[in-house]
Amino acid sequence: MDLVGACIAFVHVSERGSFTLGAAAARIPQPVASRRIAALERHLGGRLFDRSTRHATLTPFGRDMLPSAKRLISLAEAMEHDAERARLAPVRLAVPDICGTRELALLAAAAQRQGLNLDLHPASPPERDDLLRTRQVRAAVAAVPPGDAHWAVPLGLAGRREPRAAVLHLETLRPGRGDGEAQRRRVWIQPEDDVPHIRDPFRRLADAVGLQPAQVAAAGSLASAAGRVLDSADLLLCSPRQAAELGLHWRPVGGLDAVRGYTVAAVPGEDTARIEQGVAEDMARCLGVPAEGEA
């Protein structure tokens, strides 16, 4: 039986001395109020009202049960209030700092429509891990290998000059005999990709094809890396969307399947599925996952 609903009908009828008026106050039909109170009487094992008169008069048993019924209703209302407050409580989420402001705003708006209040904190991969470890956020979009990823973003090399080939091979950057330091083209790795599962395979390939160690460099920020590339023949390891935003020409890397992988990591007890599934499309757009048919 609906114990709370029955108690609501019981209290309203007792306060108004009428099944008809009590049902109206409870916003239910009178027959429903009568059935609920009858069910409550069977459940409690005693008559709540004396039905021998025209008015709904409480029996001694009913008077004894009335305070408990009111307390139960108050508790139910408090529980509903707490549930609403919990639903509206913001989920502090660490996200990649490569996400644009507009994309983050669209992500937050989409989450709000799903009943999820996101408090977004842009940060680099190690900063996101640290924010989650110290519980300054409840969840983080973590950088992970592609096999563990919920979202995947292809990476390639981009420069201001448009290559003739459809694929850019690192051996074409090998310095020629007599080339000095100034003539060596570099590949810049931005902080978002300065993680072992991206950086280390790239460096191994660069070593295998004969690049100098200094030709693969980690930048302190995306802006500084892009600045180097825009003012030289250097290349930037980046996603197709980043290349387009910077006005650079992007090509995949020959011999290397470089991919950014992302998943939602959370503190114990946090439901990651409601983030991954609830706003999957908008999160993909925010991270730069290519749309179907794009590179």
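Quick note: the coordinates plus some simple rules give every number you see, no bench work behind them. Just so you know, these numbers come straight off a predicted model, no measurement behind them. Positions of Cβ are backbone-derived with ideal geometry, glycine not excepted, and every protein chain shown enters the neighbour counts.
Observations
- As a length-normalised measure over Cα pairs under 8 Å and 6 or more apart, the relative contact order of the chain settles at 20 percent.
- For Arg27 and Gln277, the difference between the fully extended length at 0.36 nm per residue and the C-alpha to C-alpha distance is 86.2 nm.
- Nonlocal amide H pairs with Val216, under 5 Å, H built at 1.01 Å: Val187
- 3J(HN,Hα) along the range 236-253: 10, 6, 7, 8, x, 5, 4, 4, 4, 5, 8, x, 9, 9, 9, 9, x, 8 Hz, from the Karplus curve 6.51 cos²θ - 1.76 cosθ + 1.60 with θ = phi - 60°, whole Hz, x for Gly and Pro.
- Span-rule helices in the chain, defined as complete DSSP H runs reaching 15 Å or more along the axis (Cα) with Kyte mean at least 0.5: 3-16
- Label corresponding to semi-axes √(5λ) of the Cα gyration tensor in Å when calculated from the structure given, among [x] 69, 16, 14; [y] 45, 21, 13; [z] 30, 26, 18: [x]
- 5 angstrom amide H check on Ala123, placed H, neighbours 5+ away: Val95, Asp97
- Sites Glu162 and His121, calculated FRET efficiency, Cβ-Cβ separation with R0 41 Å, nearest 0.05: 0.65
- Under-5 Å amide H pairs with Ala56, H placed in peptide plane, nonlocal only: Ser18, Phe19
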